[in-house]
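*Asks:* Here it is, the structure, as structure tokens.
The values are calculated or read from the model by the stated rules, or taken from the named source; none is laboratory data. Predicted, not measured: the structure shown is a model, and the values here were computed from it. Quick reminder, even Gly has a Cβ in these numbers, built from the backbone with ideal geometry, and neighbours come from all protein chains shown.
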Ligand code: MRU
């Protein structure tokens, strides 16, 4: 059965508690902006497109609570996690409906539908790359849990499987919070897709011994030149893939492309509580006297990317800036701004403000 990371009905945002997986399937019912922000901050809901949609509904809940201005609600939700641009896109869409006096629930629902449809398109576009039996490595969780439904990195694998491809997936465990071991393995297992979890530091071994045919990951923010932020450890997988002549794909919906950034140099990298590194599954794994650092993302230069799998097609790094420009121009022609992904923003507000940074 396909997974859904969240759903909304009658003033309640229901989310699958991703902290409890794979051990427990628990649904939390969220009714306030504060609870939405907490769920995003604690990775109860996580993954760039999912937190974008959760934040959109968080704005809806704030609207219903009646004690926030749109600006304050946007600020509170925007302060939860800095790296994934989707968060700011989701907030911005509902904020603009709120400020225009149009239906905020309709705006959030449309955004959710758009994200889900785009992820399905990513699957259709990307599946032919995996049509032959392929051994594919992925990092973190870029499946349905991270995108509401379908996934980014996992969508092409799902569609390829439906079309009969015989795939095997290497799943990086993804320390410190084990999104690969806990969540990607859980999603693949539910669909009987053959896979094995490997320690993060094992990827080089499997790549250099010819046991990986392709690497595919999602992204949290992609700059105009194709540099992109994704879960910590992605950069080293990209370098290892290049070193071993293995294609490296990045799959993302349009909301993850941030045309306001020329390069990845200014993408904000979230640094989380060092306790997440100091502990594993609730147990301390290092001396109390040692300190730790915990950057949650890294930035991979575009030169390591073979191609971006987008809802509009496969885009090579040297074509990305042109593609984004074309999309912005056609969106402007249709009376929209903000990259043409349906991310309409009120005229007169700068792109930076729109994207919450
Ligand atoms: O910290 P997380 O678990 O929210 O990080 C998620 C990732 O890095 C994913 O790979 C990314 O959001 C792309 S998923 C579509």
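*Asks:* Being modelled with pLDDT of 95 or more, outside the structural domain of residue 83 (by TED's automatic domain parsing) and more than 12 Å from residue 139 (Cβ to Cβ) narrows it down to one of 185, 203, so name that one.
*Replies:* 185
*Asks:* Further question on the same structure: Take the residues in the range 188-209 that are free of Cβ contacts under 8 Å to residues at least 12 places away in the same chain and assigned to a loop (DSSP other than H, G, I, E, B); name whichever of them is farthest from the ligand (Cβ to nearest atom).
*Replies:* Here the answer is 209.
*Asks:* May I pose another question? Return a yes/no flag: does the range 8-20 have any residue that is within 25 Å of residue 197 (Cβ to Cβ) and away from the ligand (no atom under 16 Å from the Cβ).
*Replies:* no
Conditions (1) at pLDDT below 95; (2) away from the ligand (no atom under 16 Å from the Cβ); (3) surrounded by fewer than 18 Cβ atoms within 10 Å (Cβ to Cβ), marked per residue:
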site: 87; (1), (2), (3): no, no, no
site: 103; (1), (2), (3): no, yes, yes
site: 106; (1), (2), (3): no, yes, yes
site: 112; (1), (2), (3): no, no, no
site: 127; (1), (2), (3): no, yes, no
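*Asks:* If you take the residues of the range 239-264 that are more than 17 Å from the chain's Cα centre (by Cα) and closer than 21 Å to residue 80 by Cα, which of them is nearest to the ligand (Cβ to nearest atom)?
*Replies:* Per the stated criteria, the residue is 261.
*Asks:* Also, quick follow-up: Which condition number does residue 236 fail, the rest of (1) within 16 Å of the ligand (Cβ to nearest atom); (2) crowded, with 18+ Cβ neighbours inside 10 Å; (3) not in a loop (DSSP other than H, G, I, E, B) being met?
*Replies:* (2)
*Asks:* Is there any pair linking a residue in the range 63-80 that is under 15 Å from residue 41 (Cβ atoms) to one that is in a loop (DSSP other than H, G, I, E, B), with Cβ under 9 Å and at least six apart or on different chains, and which?
*Replies:* 75/356; 76/68; 77/356; 78/356; 78/357
*Asks:* Across the range 152-178, which residue is nearest to residue 131 (Cα to Cα) among those that are out of contact with any helix residue (DSSP H, G or I) (no Cβ under 8 Å at 6 or more places or on another chain) and within 15 Å of the ligand (Cβ to nearest atom)?
*Replies:* If we take residues in the range 152-178 being out of contact with any helix residue (DSSP H, G or I) (no Cβ under 8 Å at 6 or more places or on another chain) and within 15 Å of the ligand (Cβ to nearest atom), then 153 is nearest to residue 131 (Cα to Cα).
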